[in-house]
Amino acid sequence: MNTLNQDGVLDRTEREPFDSADREIILAVNDPEQLDYVDALPMTDEEQDAKFSQVAGVSVFSSEGTTEAIYSAAGAVIRGSDLVVEEYYETAFAIIRPPGHHAHKISEGFCFLNNVAIATQHVVDHHHIERALVVDFDVHHGNGTQELFYGSKQVLFFST
């Protein structure tokens, strides 16, 4: 954020307030067991290892405040999506941590929940969008988003 501020980017952008995501919205994409796991964070390394392959995969770490950050990140992406769909803005970009595109039915790759998938499903369900396109631009493939929407007739996903 310091670099964005120093480069003047923050002066040229609007920042919108947002609420943490509701459990009900998250459950449209994620299993209850995965949310129970998120709600139980932070965990010791031993507890984390015990959850491995059930609801947590590789490369997920937690500390104090992780659960709040997870729900806040999802809420920010939902809010940005709502503002675009409601034509308040033409575009939105959420600068959030933790990210999300590796999470699917389990948390993995530094991603606890798939924020883009949660927001996309929210837009489809609550704004009655017939078709949505998710474009993932990242060095790593968004395997979680792909898996979550692989069989969807409403959401097309591609990764660059």
Quick calc: nm separation of the 7 Å Cα→Cβ label points for residue 130 and residue 63 -> 4.8 nm
Quick check: pseudo-label points 7 Å beyond the Cα along Cα→Cβ at residue 160 and residue 46, how many nm apart are they? 4.8 nm
In terms of modelled amide H atoms, which long-range or inter-chain residues lie less than 5 Å from the amide H of residue 132? 155, 156
Determine the order of 101, 140, 127 by accessible area, beginning with the largest, at a probe radius of 1.4 Å. 140, 127, 101
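So in the chain, what percent of DSSP beta bridges are antiparallel if you round to the nearest 5? Display every interim value, and only then the final one.
Numbers: 1 of 8 bridges.
The answer is about 10 percent antiparallel.
When ranked by the protection proxy of mean other Cβ atoms within 10 Å per residue, highest first, what sequence do the peptides 107-118, 83-94 form? The partial results should precede the final answer.
Details: 107-118: 26.1, 83-94: 12.8.
The most tightly packed comes first, giving 107-118, 83-94.
The values are calculated or read from the model by the stated rules, or taken from the named source; none is laboratory data. Computed from a predicted model, the values in this text were never measured in an experiment. No Cβ is skipped: glycine too gets one built from the backbone with ideal geometry, and neighbour counts run over all protein chains shown. To get the accessible areas, we keep the full protein, side chains included, count just its heavy atoms, and leave off ligands, DNA and RNA. Shrake-Rupley method; radii C 1.70, N 1.55, O 1.52, S 1.80 Å.
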